[in-house]
Amino acid sequence: MKRIICYWILLFTLHSCTEKKLPVLGNYSIKNGDTIFNQIPDFNLWTQDSMPFTSQMLENKIHVAAFFFTSCPTICPKVMRNMMRIEEKFSKEKDVLYLCYSLDFKKDSIPRLKEYASKLGIENSNFYFLQGRQKEDIRSLMNAYMSIAVDDPDSPGGINHSGWILLIDGKKNLRSYCLGTDEKETDKLIKDIQTLLHERD
Amino acid sequence: MNVIRFSTFIILFISCTFSPETYKEGKQVYENYCSGCHGIQMDGLKDLYPPLKDVNWYEQNRNQIPCWLKNGITLRNLRLGKQEMPAHTELSSIQICNVLNYLNSINWKLKSPFTLEEINLNLKNCSN
């Protein structure tokens, strides 16, 4: 009996020592006995500085992503405010990237993204505003980010889209997300980023 | 008939200028239409969206502000380096009056509140 109690105590202490891990989110499939998790697909995009940005650059980094467009009058300014709050918290972490994918292929040229970034006073070289060569380059990524966008002339700015801020790990798996318009939710995501950074150590 | 018209005008005029309810609607309009970009604290967002606190900024642009709220600021008539602003054509002149008086009560603290007449006159003379 004593042995069993000791065993249980040991188990509990061990359990409390193990660190909290974030789940992997999204649909998964099983192939040959291995679980294939939802993963950000390969892509080739361009940054606000006209530099190529490929999905390879996400490997072994953590990235925080949001979908936006520069003339978006409703949710994007709030999402951007919270993205910048996150960046302030982790500005010294070299392995955290910030990706803002533009949904407005027509208006958001690279110079326009550059201007937007400089007006926001973005200095962190890990903070990217991304545009594709075709509209589909970015729209095709949204499924993996569990986000949607629909061109809708009746909605403010012409594009109706979700306002999540998403957290992706170094294997390009989605690990957490929050409503990017909400300050308190963003605070929770900040905690999740800390958890994910610990996981890597 | 004229009496009714006249009294509605007076009621609107009074509700726009003196009633404390003014700021309630103004606050609501601010939160629904303006706070997304200009912030709940009205402090703007870096160089992208201007803060609405500065009385000098307000005085320089007083006559144009109602037009900006109603028609927005398009890239075409934009001063260099500024962000465009969306139009809010659905805002009535009363709502515009109320939101400006709300902003005034918090930020600019000018003694003379906006009147509906002034707003209507400004809206008539909008350039775009």
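Any read-out appearing in this document is the output of simple, stated calculations on the displayed coordinates, not a laboratory observation. Given the structure is predicted, the values throughout are model-derived calculations rather than measurements. So basically every Cβ, Gly included, is an ideal-geometry build from the backbone, and we count neighbours across all protein chains shown.
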Query raised in the report: How many nm is it between the label spots at A:Met57 and A:Thr195, if each spot is 7 Å from the Cα in line with the beta carbon?
Result: 2.9 nm
Report summary line: In nm, the gap between the two label points placed 7 Å beyond Cα toward Cβ at B:Met42 and B:Thr74 is 3.0 nm
Report task. Under 13 Å from the Cβ of A:Leu45, count the other residues' Cβ atoms, weight Lys and Arg +1, Asp and Glu -1, and hand me the total. Result -> -2
Report task. Can you give me the span-like helices of chain A, meaning DSSP H runs with 18 Å or more of Cα extent along the axis and Kyte-Doolittle mean at or above -1.0? Result -> A:2-17, A:76-89
Query raised in the report: Taking only DSSP H segments of four or more residues, each worth -39500 (n - 2.57), what value at 222 nm results for chain A once the sum is divided by all its residues, to the nearest 500 deg cm²/dmol?
Result: -10000 deg cm²/dmol
Report summary line: For the table A:Lys61/A:Lys191; B:Lys27/B:Lys53; A:Lys184/B:Lys46; A:Lys21/A:Lys61; A:Lys114/A:Lys171; A:Lys20/A:Lys89, the rows whose alpha-carbon distance is greater than 19 Å are A:Lys184/B:Lys46; A:Lys114/A:Lys171; A:Lys20/A:Lys89
Query raised in the report: Who wins for biggest fluctuation among A:Pro52, A:Pro153, A:Pro41 in a Gaussian network model of chain A, springs between alpha carbons below 10 Å?
Result: A:Pro153
Query raised in the report: Name the chymotrypsin sites (Phe, Trp or Tyr not before Pro) in region A:92-201 that are in a loop by DSSP and that have at most 14 other C-beta atoms within 10 Å, would you?
Result: none
Query - Assigned charges on the beta-carbon of Lys, Arg, Asp, Glu; region A:2-200 dipole about Cα centre (debye) - result: 620 debye
Requested in this report: Can you bin region A:150-197 into rounded, prolate or oblate? Criterion: square roots of the alpha carbon gyration tensor eigenvalues sorted a ≥ b ≥ c, rounded for a/c under 1.5, prolate for a/b above b/c, oblate for the rest.
Outcome: oblate
Query raised in the report: What spacing in nm lies between the two simple spin-label points modelled at A:Asn32 and B:Thr89, each 7 Å away from Cα in the Cβ direction?
Result: 6.0 nm
**Report entry** DSSP-assigned coil residues among trypsin sites (Lys or Arg not before Pro) in region A:114-187, each with at most 12 further Cβ atoms within 10 Å
**Finding:** A:Arg133
Report task. Please tell me the relative contact order of region A:2-200 in percent, rounded to the nearest whole number, where contacts are Cα pairs under 8 Å and at least six residues apart. Result -> 29 percent
Query raised in the report: Within the P(r) computed for the protein assembly as shown, what percentage of the Cα pairs occupies the region above 32 Å?
Result: 43 percent
Requested in this report: Please work out the FRET efficiency for the pair A:Lys92 and A:Ile9, using the Cβ-Cβ distance as r and a Förster radius of 41 Å; give the result to the nearest 0.05.
Outcome: 0.55
Report summary line: For the B:Thr115, A:Lys107 Cβ pair and Förster radius 30 Å, calculated FRET efficiency rounded to 0.05 is 0.20
Query raised in the report: If you wrap a convex hull around the Cα atoms of region A:40-87, how much volume per residue is inside, in Å³?
Result: 103 Å³
Query raised in the report: Based on the Cβ-Cβ distance of B:Cys126 and A:Asp151, what FRET efficiency does E = 1/(1 + (r/R0)^6) give at R0 = 25 Å, to the nearest 0.05?
Result: 0.25
